[in-house]
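This report refers to the structure that appears directly beneath it.
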Amino acid sequence: MTYLEAIIVAIVEGITEFLPVSSTGHMIIAQAMLGIPPTDFVKAFTVNIQFGAILSVIVLYWKRFFQSWGFYKTIAIACSPLILAYFLSDIIDVMLGSVLVVAIALVVGGVFLIFVDKWFDTPIAKDIKVTNYKALYIGMFQIIAVIPGVSRSAATIIGGMSQKLSRRQAAEFSFFLAVPTMFAASAYKLLSNYKTITADDIPVLVIGNVVAFIVAMFAIKFFIAFLTKYGFKAFGYYRIAVGVIILILLLTGHSLNIT
(Lines give C-alpha, C1' and ligand atoms only; values in the text may rest on other atoms or scores of the structure.)
Protein backbone atom coordinates (compact mmCIF):
# COMPACT_ATOMS: atom_id res chain seq x y z
CA MET A 1 0.00 0.00 0.00
CA THR A 2 1.43 3.36 -1.04
CA TYR A 3 1.23 6.57 1.02
CA LEU A 4 -1.31 8.04 -1.41
CA GLU A 5 -3.49 4.94 -1.20
CA ALA A 6 -3.26 5.04 2.59
CA ILE A 7 -4.33 8.70 2.65
CA ILE A 8 -7.31 8.06 0.36
CA VAL A 9 -8.49 5.08 2.40
CA ALA A 10 -7.99 7.06 5.64
CA ILE A 11 -10.09 9.94 4.29
CA VAL A 12 -12.84 7.45 3.50
CA GLU A 13 -12.54 6.06 7.05
CA GLY A 14 -12.66 9.50 8.65
CA ILE A 15 -15.72 10.58 6.70
CA THR A 16 -17.71 7.38 7.11
CA GLU A 17 -16.74 5.96 10.52
CA PHE A 18 -19.46 7.77 12.45
CA LEU A 19 -21.98 8.05 9.63
CA PRO A 20 -24.56 5.25 9.28
CA VAL A 21 -23.13 4.12 5.94
CA SER A 22 -20.47 1.57 7.02
CA SER A 23 -16.87 2.76 7.11
CA THR A 24 -15.51 -0.77 6.67
CA GLY A 25 -17.73 -1.31 3.65
CA HIS A 26 -16.59 1.94 2.05
CA MET A 27 -12.93 1.20 2.74
CA ILE A 28 -13.29 -2.24 1.13
CA ILE A 29 -14.92 -0.62 -1.91
CA ALA A 30 -12.24 2.10 -2.05
CA GLN A 31 -9.45 -0.48 -1.84
CA ALA A 32 -11.08 -2.53 -4.60
CA MET A 33 -11.44 0.51 -6.87
CA LEU A 34 -7.81 1.48 -6.24
CA GLY A 35 -6.71 -2.07 -7.05
CA ILE A 36 -5.28 -2.71 -3.60
CA PRO A 37 -5.11 -6.47 -2.97
CA PRO A 38 -6.70 -7.58 0.35
CA THR A 39 -3.46 -8.75 1.95
CA ASP A 40 -3.12 -9.39 5.69
CA PHE A 41 -1.59 -5.94 6.15
CA VAL A 42 -4.34 -4.21 4.19
CA LYS A 43 -7.00 -5.94 6.29
CA ALA A 44 -5.12 -4.93 9.44
CA PHE A 45 -4.79 -1.36 8.13
CA THR A 46 -8.56 -1.21 7.53
CA VAL A 47 -9.14 -1.92 11.23
CA ASN A 48 -6.13 -0.21 12.80
CA ILE A 49 -6.71 3.28 11.39
CA GLN A 50 -9.81 3.36 13.57
CA PHE A 51 -7.43 4.41 16.36
CA GLY A 52 -7.39 7.87 14.75
CA ALA A 53 -11.17 8.02 14.60
CA ILE A 54 -11.39 6.96 18.26
CA LEU A 55 -9.15 9.84 19.28
CA SER A 56 -11.42 12.33 17.53
CA VAL A 57 -14.33 11.30 19.76
CA ILE A 58 -12.24 11.63 22.92
CA VAL A 59 -11.01 15.09 21.88
CA LEU A 60 -14.48 16.40 20.95
CA TYR A 61 -16.23 14.93 23.99
CA TRP A 62 -13.38 14.93 26.50
CA LYS A 63 -15.56 16.39 29.29
CA ARG A 64 -18.02 13.52 28.93
CA PHE A 65 -15.22 11.02 29.42
CA PHE A 66 -14.49 12.38 32.89
CA GLN A 67 -17.87 11.67 34.38
CA SER A 68 -18.90 9.36 37.20
CA TRP A 69 -18.03 5.69 37.26
CA GLY A 70 -21.63 5.05 36.23
CA PHE A 71 -20.80 6.36 32.75
CA TYR A 72 -18.05 3.78 32.30
CA LYS A 73 -20.23 1.04 33.76
CA THR A 74 -22.96 1.80 31.22
CA ILE A 75 -20.47 1.71 28.34
CA ALA A 76 -18.96 -1.55 29.63
CA ILE A 77 -22.40 -3.20 29.79
CA ALA A 78 -23.17 -2.06 26.23
CA CYS A 79 -19.86 -3.52 25.01
CA SER A 80 -20.26 -6.88 26.75
CA PRO A 81 -22.22 -8.61 23.91
CA LEU A 82 -19.20 -8.14 21.65
CA ILE A 83 -17.57 -11.10 23.35
CA LEU A 84 -19.54 -13.14 20.81
CA ALA A 85 -17.60 -11.47 18.00
CA TYR A 86 -14.43 -13.23 19.17
CA PHE A 87 -15.92 -16.58 18.17
CA LEU A 88 -16.88 -15.17 14.76
CA SER A 89 -13.43 -13.73 13.97
CA ASP A 90 -12.61 -16.20 11.18
CA ILE A 91 -15.93 -15.59 9.44
CA ILE A 92 -15.53 -11.83 9.83
CA ASP A 93 -12.03 -11.97 8.32
CA VAL A 94 -13.38 -13.72 5.21
CA MET A 95 -16.17 -11.14 4.82
CA LEU A 96 -13.65 -8.28 5.05
CA GLY A 97 -12.47 -9.20 1.56
CA SER A 98 -15.93 -9.42 -0.04
CA VAL A 99 -17.40 -6.47 -1.92
CA LEU A 100 -20.53 -8.54 -2.58
CA VAL A 101 -21.28 -8.83 1.14
CA VAL A 102 -20.79 -5.09 1.50
CA ALA A 103 -23.13 -4.27 -1.39
CA ILE A 104 -25.96 -6.45 -0.08
CA ALA A 105 -25.58 -5.09 3.45
CA LEU A 106 -25.61 -1.51 2.18
CA VAL A 107 -28.90 -2.03 0.36
CA VAL A 108 -30.63 -3.85 3.21
CA GLY A 109 -29.40 -1.33 5.79
CA GLY A 110 -30.43 1.55 3.53
CA VAL A 111 -34.02 0.31 3.46
CA PHE A 112 -34.07 0.30 7.27
CA LEU A 113 -32.69 3.84 7.46
CA ILE A 114 -35.38 5.20 5.16
CA PHE A 115 -38.04 4.17 7.64
CA VAL A 116 -36.22 4.39 10.98
CA ASP A 117 -37.27 7.99 11.66
CA LYS A 118 -40.90 7.02 11.22
CA TRP A 119 -40.58 3.86 13.34
CA PHE A 120 -38.58 5.08 16.30
CA ASP A 121 -38.02 8.82 16.23
CA THR A 122 -38.60 10.60 19.52
CA PRO A 123 -39.58 14.28 19.48
CA ILE A 124 -36.83 16.64 20.57
CA ALA A 125 -36.93 16.61 24.37
CA LYS A 126 -34.69 16.36 27.39
CA ASP A 127 -32.36 13.37 27.14
CA ILE A 128 -33.49 10.31 29.05
CA LYS A 129 -31.28 8.15 31.25
CA VAL A 130 -29.50 5.29 29.53
CA THR A 131 -30.17 2.49 32.01
CA ASN A 132 -28.16 -0.71 32.21
CA TYR A 133 -30.93 -2.54 30.36
CA LYS A 134 -31.02 0.04 27.57
CA ALA A 135 -27.23 -0.10 27.31
CA LEU A 136 -27.23 -3.90 27.00
CA TYR A 137 -30.03 -3.77 24.42
CA ILE A 138 -28.14 -1.21 22.32
CA GLY A 139 -24.96 -3.24 22.66
CA MET A 140 -26.66 -6.28 21.16
CA PHE A 141 -27.10 -4.33 17.93
CA GLN A 142 -23.32 -4.16 17.55
CA ILE A 143 -23.22 -7.90 16.87
CA ILE A 144 -25.07 -7.29 13.60
CA ALA A 145 -22.46 -4.72 12.66
CA VAL A 146 -19.65 -7.28 12.43
CA ILE A 147 -20.96 -7.85 8.89
CA PRO A 148 -19.09 -5.40 6.61
CA GLY A 149 -21.54 -2.92 5.15
CA VAL A 150 -24.01 -2.98 8.03
CA SER A 151 -22.44 -0.03 9.90
CA ARG A 152 -21.79 -0.11 13.62
CA SER A 153 -22.96 3.48 13.87
CA ALA A 154 -26.27 2.77 12.13
CA ALA A 155 -26.91 -0.39 14.15
CA THR A 156 -26.28 1.21 17.55
CA ILE A 157 -28.15 4.43 16.72
CA ILE A 158 -31.18 2.41 15.61
CA GLY A 159 -30.86 0.40 18.81
CA GLY A 160 -30.78 3.61 20.82
CA MET A 161 -33.77 5.14 19.08
CA SER A 162 -35.75 1.95 19.61
CA GLN A 163 -35.18 2.60 23.34
CA LYS A 164 -36.69 6.11 23.04
CA LEU A 165 -33.40 8.00 22.84
CA SER A 166 -33.50 11.12 20.68
CA ARG A 167 -31.55 11.18 17.43
CA ARG A 168 -28.78 13.26 18.96
CA GLN A 169 -28.56 11.24 22.18
CA ALA A 170 -28.56 7.96 20.27
CA ALA A 171 -25.81 9.24 17.97
CA GLU A 172 -23.63 10.51 20.81
CA PHE A 173 -24.04 7.29 22.80
CA SER A 174 -22.99 5.45 19.63
CA PHE A 175 -19.85 7.62 19.52
CA PHE A 176 -19.02 6.82 23.16
CA LEU A 177 -19.65 3.14 22.56
CA ALA A 178 -17.30 3.25 19.58
CA VAL A 179 -14.27 4.12 21.71
CA PRO A 180 -13.82 0.84 23.64
CA THR A 181 -15.35 -1.20 20.80
CA MET A 182 -13.03 0.10 18.11
CA PHE A 183 -10.04 0.19 20.44
CA ALA A 184 -10.51 -3.49 21.30
CA ALA A 185 -11.02 -4.48 17.65
CA SER A 186 -8.00 -2.46 16.51
CA ALA A 187 -5.75 -3.72 19.31
CA TYR A 188 -6.78 -7.33 18.71
CA LYS A 189 -6.14 -7.02 14.97
CA LEU A 190 -2.79 -5.36 15.60
CA LEU A 191 -1.65 -8.06 18.03
CA SER A 192 -2.90 -10.81 15.72
CA ASN A 193 -1.09 -9.42 12.67
CA TYR A 194 1.97 -7.69 14.09
CA LYS A 195 4.24 -10.24 12.37
CA THR A 196 2.86 -9.17 8.98
CA ILE A 197 3.67 -5.51 9.64
CA THR A 198 7.14 -4.51 8.48
CA ALA A 199 9.17 -1.41 9.29
CA ASP A 200 8.05 0.09 5.96
CA ASP A 201 4.40 -0.37 6.95
CA ILE A 202 4.62 1.63 10.18
CA PRO A 203 4.73 5.09 8.49
CA VAL A 204 1.71 4.05 6.41
CA LEU A 205 -0.22 3.19 9.59
CA VAL A 206 0.81 6.45 11.26
CA ILE A 207 -0.24 8.57 8.28
CA GLY A 208 -3.52 6.68 8.01
CA ASN A 209 -4.36 7.32 11.66
CA VAL A 210 -3.47 11.02 11.52
CA VAL A 211 -5.60 11.60 8.43
CA ALA A 212 -8.51 9.58 9.86
CA PHE A 213 -8.36 11.63 13.08
CA ILE A 214 -8.49 15.01 11.33
CA VAL A 215 -11.24 14.05 8.89
CA ALA A 216 -13.35 12.34 11.57
CA MET A 217 -13.33 15.53 13.69
CA PHE A 218 -15.15 17.39 10.94
CA ALA A 219 -17.39 14.44 10.03
CA ILE A 220 -18.75 14.10 13.58
CA LYS A 221 -19.71 17.78 13.77
CA PHE A 222 -21.41 17.60 10.37
CA PHE A 223 -23.27 14.41 11.23
CA ILE A 224 -24.75 15.68 14.50
CA ALA A 225 -25.98 18.90 12.87
CA PHE A 226 -27.41 17.10 9.82
CA LEU A 227 -28.98 14.27 11.81
CA THR A 228 -30.72 16.57 14.28
CA LYS A 229 -32.28 18.58 11.46
CA TYR A 230 -32.97 16.04 8.71
CA GLY A 231 -32.86 12.52 10.15
CA PHE A 232 -31.66 9.33 8.45
CA LYS A 233 -33.57 9.15 5.18
CA ALA A 234 -30.82 10.72 3.04
CA PHE A 235 -28.29 8.21 4.36
CA GLY A 236 -30.70 5.39 3.53
CA TYR A 237 -31.06 6.49 -0.09
CA TYR A 238 -27.30 6.94 -0.36
CA ARG A 239 -26.63 3.42 0.93
CA ILE A 240 -29.11 1.90 -1.50
CA ALA A 241 -27.65 3.84 -4.45
CA VAL A 242 -24.07 2.78 -3.66
CA GLY A 243 -25.09 -0.83 -3.01
CA VAL A 244 -27.05 -1.09 -6.25
CA ILE A 245 -24.20 0.42 -8.28
CA ILE A 246 -21.76 -2.10 -6.82
CA LEU A 247 -24.14 -4.99 -7.49
CA ILE A 248 -24.57 -3.85 -11.10
CA LEU A 249 -20.80 -3.67 -11.55
CA LEU A 250 -20.42 -7.18 -10.15
CA LEU A 251 -23.22 -8.58 -12.32
CA THR A 252 -21.67 -7.04 -15.43
CA GLY A 253 -18.34 -8.74 -14.85
CA HIS A 254 -16.37 -6.24 -12.80
CA SER A 255 -14.60 -8.37 -10.19
CA LEU A 256 -13.55 -5.41 -7.96
CA ASN A 257 -10.80 -7.65 -6.57
CA ILE A 258 -13.17 -9.97 -4.70
CA THR A 259 -11.29 -12.86 -3.08
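The values are calculated or read from the model by the stated rules, or taken from the named source; none is laboratory data. Model, not experiment: these values are computed from the prediction. Don't worry about glycine lacking a Cβ; one is built from the backbone with ideal geometry, like all the others, and counts go over all protein chains shown.
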Worksheet item: Got at least one residue in segment 175-191 being under 20 Å from E13 (Cβ atoms), of a type outside the set (D, E, K, R) and outside any helix (DSSP H, G or I)?
Response: no
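For segment 210-228, check the following and say yes or no: at least one residue is in contact with a Cys (Cβ under 7 Å, 6 or more places away or on another chain) and either surrounded by 14 or more Cβ atoms within 10 Å (Cβ to Cβ) or closer than 26 Å to F71 by Cβ (or both).
no
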Worksheet entry | Residue that is surrounded by 18 or more Cβ atoms within 10 Å (Cβ to Cβ) and closer than 25 Å to V108 by Cβ, where the choices are S186, S153 | S153
Worksheet item: Is it the case that Q169 is in contact with an Asp or Glu (Cβ under 6 Å, 6 or more places away or on another chain) and surrounded by fewer than 23 Cβ atoms within 10 Å (Cβ to Cβ)?
Response: yes
Discussion item. Going by what's in this entry, would E5 be described as within 26 Å of F232 (Cβ to Cβ) and of a type in the set (D, E)?
Written reply: no
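A quick yes/no check of all residues on (1) over 18 Å from the mean Cα position of the chain (by Cα); (2) in contact (Cβ under 8 Å) with a residue 12 or more places away in the chain:
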| site | (1), (2) |
| --- | --- |
| T156 | no, yes |
| R167 | no, yes |
| F176 | no, yes |
| A185 | no, yes |
| K221 | no, yes |
| Y230 | yes, no |
| I240 | no, yes |
| I246 | yes, yes |
Worksheet item: Which of the residues that make up segment 3-38 are more than 15 Å from I214 (Cα to Cα), out of contact with any Asp or Glu (no Cβ under 8 Å at 6 or more places or on another chain) and of a type in the set (S, T, Y)?
Response: Y3, S22, T24
Item to complete: Please identify the pairs in which a residue from segment 206-217 that is closer than 16 Å to V57 by Cβ has its Cβ atom under 6 Å from the Cβ atom of a residue that is among the aromatic types (F, W, Y) and modelled with pLDDT under 95, counting only partners at least 6 apart or on another chain.
Response: N209/F51
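Could you please let me know if E13 is in a helix (DSSP H, G or I), out of contact with any strand residue (DSSP E or B) (no Cβ under 7 Å at 6 or more places or on another chain), of a type in the set (D, E) and surrounded by fewer than 22 Cβ atoms within 10 Å (Cβ to Cβ)? If you could, list the steps in order and put the result at the bottom.
On the way: in a helix (DSSP H, G or I): yes; out of contact with any strand residue (DSSP E or B) (no Cβ under 7 Å at 6 or more places or on another chain): yes; of a type in the set (D, E): yes; surrounded by fewer than 22 Cβ atoms within 10 Å (Cβ to Cβ): no.
So E13 fails the test.
Assess whether G149 counts as being in contact with a Gly (Cβ under 9 Å, 6 or more places away or on another chain) and either assigned to a loop (DSSP other than H, G, I, E, B) or over 21 Å from Q50 (Cβ atoms) (or both).
On the way: in contact with a Gly (Cβ under 9 Å, 6 or more places away or on another chain): yes; either assigned to a loop (DSSP other than H, G, I, E, B) or over 21 Å from Q50 (Cβ atoms) (or both): yes.
Considered against the rule, which asks whether it is in contact with a Gly (Cβ under 9 Å, 6 or more places away or on another chain) and either assigned to a loop (DSSP other than H, G, I, E, B) or over 21 Å from Q50 (Cβ atoms) (or both), G149 comes out as yes.
Counting residues that are surrounded by fewer than 23 Cβ atoms within 10 Å (Cβ to Cβ), without any contact (Cβ under 8 Å) to a residue 40 or more places away in the chain and in contact with a helix residue (DSSP H, G or I) (Cβ under 7 Å, 6 or more places away or on another chain), which helices (runs of 4 or more DSSP H) fully inside segment 17-83 reach at least 1? If you could, list the steps in order and put the result at the bottom.
Values: elements: 23-34, 40-48, 50-60, 69-79.
In segment 17-83, the matching helices (runs of 4 or more DSSP H) lie at 23-34.
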